[in-house]
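What follows is a short report on a single structure.
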Amino acid sequence: MRRTGIALLAGLLVLSIAAGGCATAAAGKSAGTVEPPSWQTSSLVEETATVMAVDQSTRMVTLKGPKGNSVTFKASDEVRNLAQVQVGDEVKFAYYESLAVRVLKEGEAFPAAGESAAMARAKPGEKPAGVVGTETNVNATITAIDKKAKTATLKGEDGKSVTVTPLRPEKLDEVKVGDRLVITYTEAVAVKVEKAETKK
């Protein structure tokens, strides 16, 4: 999987996020039971650009961002309904990503690891729009924790190991060697073209 290394690195970084933080959740403990710790963090970035030029014959499009920066690119054949795009139209972008880490219960088996993807596009005749997303699941085991060096080592199911330094090393107190982690990384990108006059 192309994201395995990144997910393993980022996975332990999630352990550094304090409970109650912005866009972050930590599993609670119900009375009489102690659930394994879990963490999740997510972010959403939205931006709007204006179509400054579009050449239907060459499929070259120029966009101007809110800070005045411009970019020119060739729209691929996957961009359906380019003929509906006009100068002055607004292109709205949204990028979402989330990372979740869960410590498995004793005796609980690893779930299936892998990557799945999904996408959707506008119907013929509509303004271009689309969304594409991927979800990557990685399983890893904590094989070493060095509190003096403030590092931990994770070993994936492929046998490869990586040593990371969490931003908040005190979170290492919540895990131990032998803990098995399920790391889920999700990202999605959405693009939608709208007429400028629809803006309020």
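Quick one: if the Förster radius is 25 Å, what FRET efficiency do Lys105 and Thr165 give, using the C-beta to C-beta distance and rounding to 0.05? Present the calculation step by step, with values, prior to reporting the outcome.
On the way: r = 27 Å, r/R0 = 1.08.
It comes to 0.40.
With N denoting the number of residues in the range 87-141, provide Rg(C-alpha) divided by 2.2 N^0.38 Å, to two decimal places.
1.80
In the range 106-127, whose amide N lies under 18 Å from the spot 7 Å out along Cα-to-Cβ of Gln86? List them in ranges.
Answer for this model: 125-127.
Residue by residue through the range 70-87, what is 3J(HN,Hα) from phi via Karplus (6.51 cos²θ - 1.76 cosθ + 1.60, θ = phi - 60°)? Round to whole Hz and write x for glycine and proline.
For the range 70-87, the Karplus curve yields 10, 9, 10, 8, 9, 6, 6, 5, 6, 7, 6, 6, 4, 4, 7, 7, 10, 4 Hz.
Net charge near Ala94: determine it from the other residues with C-beta under 12 Å of the C-beta of Ala94, scoring Lys and Arg +1 and Asp and Glu -1.
That sum, taken over residues with Cβ under 12 Å, equals -2.
Sorted by packing (mean other beta-carbon atoms within 10 Å per residue), highest first, where do 127-139, 168-180 land? Could the numbers behind the result be given before it?
Values: 127-139: 18.4, 168-180: 14.7.
Result, highest mean first: 127-139, 168-180.
Could I have the simple spin-label model distance between Lys64 and Met52, label points 7 Å from Cα toward Cβ, reported in nm to one decimal?
0.6 nm
Straight-line reach from Lys123: which lysines have a Cα under 27 Å away, not including same-chain ones fewer than 8 places off?
Correct list for Lys123: Lys64, Lys74, Lys92, Lys192, Lys195, Lys199, Lys200.
Count charges around Ala188 for me, please; just the other residues with Cβ under 12 Å from its Cβ, Lys/Arg as +1, Asp/Glu as -1. Walk me through the numbers on the way to the answer.
Working: positive: none; negative: Glu97, Glu135, Glu187.
Cβ neighbours under 12 Å give a net charge of -3.
Tell me the net charge near Val51. Cut-off is 12 Å between Cβ atoms, Val51 excluded, with +1 for each Lys or Arg and -1 for each Asp or Glu.
Summing Lys and Arg as +1 and Asp and Glu as -1 gives 0.
Which three semi-axes in whole Å describe the equivalent ellipsoid of the range 82-200, each the square root of 5 times a Cα gyration tensor eigenvalue, listed largest first?
Largest first, the range 82-200 gives 43, 17, 10 Å.
Each value in this text was obtained by applying a stated rule to the coordinates, not by laboratory testing. This one's a predicted model, so the numbers in the text were calculated from it and none came from an experiment. Note that we place each Cβ from the backbone using ideal geometry, even for glycine, and neighbour counts take in every protein chain shown.
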